[in-house]
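Engineer: Input: one structure, supplied below.
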Amino acid sequence: MSKSPPEAHLKLVPGTAPAGSARGAELLLRRLEWTVLRRLDGAIHGNYRTLFRGFGLDLAELREYQYGDDVRHIDWNVTARTGQPYVRQFHEDREVTAWFLLDLSPSLDFGSSEVRKRGVSAEFVSVLARLLTRNGNRVGAMFYGDAVDTVIPARSGRAQVLHILHRMLTRPARDVAGETDLDDFLQGAFRFIPRRSLVFLVSDFISRPGWAPALARLTQRHEVIAVRLYDPLEMELPDLGMVLMRDAETGEQLFVDTHESGFRKRFAAAAARRESAMRAAFAEAGVDVLELATDDALIDSVMRFADLRKRRSQLAGGGLPAHMAGAA
């Protein structure tokens, strides 16, 4: 797709100062706090514990299993000794450290309207980071262009959110053509983040293939949520006549006739194959996926995230295993 100029993503933040100034980040975050965070407060306040559970656990006590308990907490030694299922209860450390792995490669500059994927990414990161830091949690970020070239250490506070947002908005465009390699990005994140964290991988996943094993490895250590950015035009082309298409990653240009139905069908089939491979990689790694479209409302996306986390928590609770049901 054609590459927009570096400043095009500013159309996403009407009324802000130029992205080259720190005031641009301040005004954007302030707008999101008034328009999105205020509306979210009442909707997800009761679900905060479900949304951002801590990872540090201390054993508190043992008690008999009750329906709905997480079967992973069953103490099998005590269960075998007493003949009744017992579960371990824990005191939870509420502090969460979250990392945003941000793919900022040139393909994020695409948008079929005035909204670009890069702007959707900036707004989503701002809202989620602010939700976290308002409750004393720490957030950090790693940026990827054609390599892991920026790391912002995890800290708490509103100033940290502004710092991440400002770096996203002022990041210069990549001037060297080349494919995105998410495998390299994920391996770098695995090496750099040693302590178990909540990790948001924010990308359009337009990448050189082969990144699925690295994602699965990262998931073994951290709780990973894949935030997939996309534009509807990447799935299916309308009849637009002759169009100059440019690959934002490699710089390759090609004139195509979108009036030809055969071309549109081949385009849709290729998009479907890419979609299938991507979803298979997510399933193999066992990660939750949040879809963010350029024509979607941000608050709806965050509410989907809240619902996703709630359902994940319910599924993790599980029920009594089938082989124990008779005994119970």
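The values are calculated or read from the model by the stated rules, or taken from the named source; none is laboratory data. Note that the structure is predicted; figures quoted are calculated from it, not measured. Note: ideal-geometry Cβ built from the backbone for every residue, glycine included; neighbour counts use all protein chains shown.
Engineer: Out of region 267-285, which residues are of a type in the set (A, V, I, L, M), closer than 24 Å to residue 221 by Cβ and touching a Leu at 6+ places or on another chain (Cβ under 9 Å)?
Structural biologist: Hits for region 267-285 are 281, 285.
Engineer: Quick one: which of 260, 275 is within 18 Å of the chain's Cα centre (by Cα), on the phi < 0 side of the Ramachandran plot and at pLDDT below 90?
Structural biologist: Within the list 260, 275, the selection yields 275.
Engineer: Restricting attention to region 113-151, report how many residues are touching a residue at least 60 places away in the same chain (Cβ under 8 Å), out of contact with any strand residue (DSSP E or B) (no Cβ under 8 Å at 6 or more places or on another chain) and among the hydrophobic types (A, V, I, L, M, F, W, C).
Structural biologist: Looking only at that region, the number is 4.
Engineer: Any chance region 141-156 includes a residue that's in a helix (DSSP H, G or I) and modelled with pLDDT of 85 or more? Let's see the steps before the verdict.
Structural biologist: First, pick out the residues of region 141-156 that are in a helix (DSSP H, G or I): none.
No; the residues of region 141-156 include none that is in a helix (DSSP H, G or I) and modelled with pLDDT of 85 or more.
Engineer: Please work out if residue 296 is at pLDDT 80 or above and within 16 Å of residue 127 (Cα to Cα). Steps first, answer last, please.
Structural biologist: Numbers: at pLDDT 80 or above: yes; within 16 Å of residue 127 (Cα to Cα): yes.
In short, yes.
Engineer: Does any residue of region 242-256 turn out to be surrounded by fewer than 13 Cβ atoms within 10 Å (Cβ to Cβ), over 15 Å from the mean Cα position of the chain (by Cα) and at pLDDT 70 or above?
Structural biologist: No, region 242-256 has no match at all.
Engineer: Tell me, please, whether a residue that is crowded, with 20+ Cβ neighbours inside 10 Å, part of a helix (DSSP H, G or I), modelled with pLDDT of 80 or more and at negative phi can be found in region 16-27.
Structural biologist: Yes, because at least one residue in region 16-27 is crowded, with 20+ Cβ neighbours inside 10 Å, part of a helix (DSSP H, G or I), modelled with pLDDT of 80 or more and at negative phi.
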